[in-house]
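Derivation of every value follows stated rules applied to the coordinates shown; laboratory data play no part. The structure displayed is predicted, hence computed values, not measured ones. In this analysis, Cβ positions are derived from the backbone assuming ideal geometry, glycine residues included, and neighbour counts consider all displayed protein chains.
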Amino acid sequence: MSDIRFRDLTADDIDPIRALYTTYRPAGVKLDRLRAEHATCPGVVVMAGERLVGFAYCYSFAPDIYELANIFVHRDFRDAGLGRTLLERICERAAPTHNAIVAVNSLKAETTEPKRRPDGLYARGGFDVVLQTPHSTVYAKSLSPAGSDGG
Ligand SMILES: CC(C)(COP(=O)(O)OP(=O)(O)OC[C@H]1O[C@@H](n2cnc3c(N)ncnc32)[C@H](O)[C@@H]1OP(=O)(O)O)[C@@H](O)C(=O)NCCC(=O)NCCS
């Protein structure tokens with residue numbers, strides 16, 4: 001894979017994100033909140049040349065916690081470490097102001113391809129499983145320095 005580049009998400013990326021994600025989850029593309037929050041929450045895209053092939057972005061969950069609202073890589077570009085780098089960049093962006101990130105994955109979400117558990121991705125990114133239901137997994141990562149209670 002050549003000409004792969006990561007950069008911060010901007011408002012101009014929202015339509016390409018919608019186009020890419022629609023191929024995977026036609027009913028799940030509700031980006032009004034991204035329009036409202038992209039300027040204040042971490043967001044990263046991955047480009048292959050001029051083409052947007054992956055993204056990750058957060059919403060506010062609590063004053064000191066972000067929710068990883070979505071992370072996605074085009075299927076032709078998977079299993080090459082792009083998801084891992086997106087997650088690392090999101091954590092780097094979040095750490096200066098926030099103490100934690102939570103993420104949820106639901107196997108019940110309707111998608112155009114079979115859902116897989118992204119446990120390896122989150123475990124390598126330093127996330128723990130903090131809640132497991134029959135269909136969903138909630139992952140969390142503390143961004144606080146060891147020993148800090150965040151005040
Ligand atoms: C999850 C996803 C972003 C990972 O991107 P990636 O570039 O393939 O990630 P990396 O190469 O850095 O890491 C590979 C890991 O991603 C996860 N993964 C790979 N393909 C996946 C898929 N189709 N669905 C879910 N997770 C997947 C696995 O944990 C894998 O590691 P493992 O094989 O050791 O378990 C990508 O597979 C994807 O967009 N999947 C569909 C959407 C999705 O499930 N998003 C997660 C919502 S919480």
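Tabulated data
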quantity: Positions within region 52-86 being aromatic (Phe, Trp, Tyr) and under 19 Å from LEU143 (Cα atoms), in sequence order; calculated: TYR57, TYR59, PHE61, TYR66
quantity: Top-ranked residue in region 83-129 [being more than 11 Å from the chain's Cα centre (by Cα) and of a type in the set (Val, Ile, Thr); ranked as farthest from ILE65 (Cα to Cα)]; calculated: THR112
quantity: Residue check for ALA27: part of a helix (DSSP H, G or I), aliphatic (A, V, I, L, M) and surrounded by fewer than 16 Cβ atoms within 10 Å (Cβ to Cβ); calculated: yes
quantity: Count - residues of region 37-51 that are in a strand (DSSP E or B) and buried (at least 19 other Cβ atoms within 10 Å of the Cβ); calculated: 4
quantity: Yes/no for VAL102 being touching a Gly at 6+ places or on another chain (Cβ under 6 Å) and of a type outside the set (Lys, Arg); calculated: no
quantity: Of all residues in region 92-123 being outside any loop (DSSP other than H, G, I, E, B) and free of Cβ contacts under 8 Å to residues at least 24 places away in the same chain, the one that is nearest to the ligand (Cβ to nearest atom); calculated: GLY120
quantity: Only one of LEU131, LEU121, LEU68, LEU87 that is in contact with a Ser or Thr (Cβ under 8 Å, 6 or more places away or on another chain) and aliphatic (A, V, I, L, M); calculated: LEU131
quantity: Hey, ILE4 of a type outside the set (Asp, Glu) and either surrounded by fewer than 18 Cβ atoms within 10 Å (Cβ to Cβ) or without any contact (Cβ under 8 Å) to a residue 12 or more places away in the chain (or both) or not; calculated: yes
quantity: Output for region 52-88, where each listed residue is more than 8 Å from the ligand (Cβ to nearest atom), part of a loop (DSSP other than H, G, I, E, B) and in contact (Cβ under 8 Å) with a residue 24 or more places away in the chain; calculated: ASP64
quantity: Leading residue by the ranking (surrounded by the fewest Cβ atoms within 10 Å (Cβ to Cβ)) among those in region 85-114 that are more than 21 Å from HIS38 (Cβ to Cβ) and small (Gly, Ala, Ser); calculated: SER106
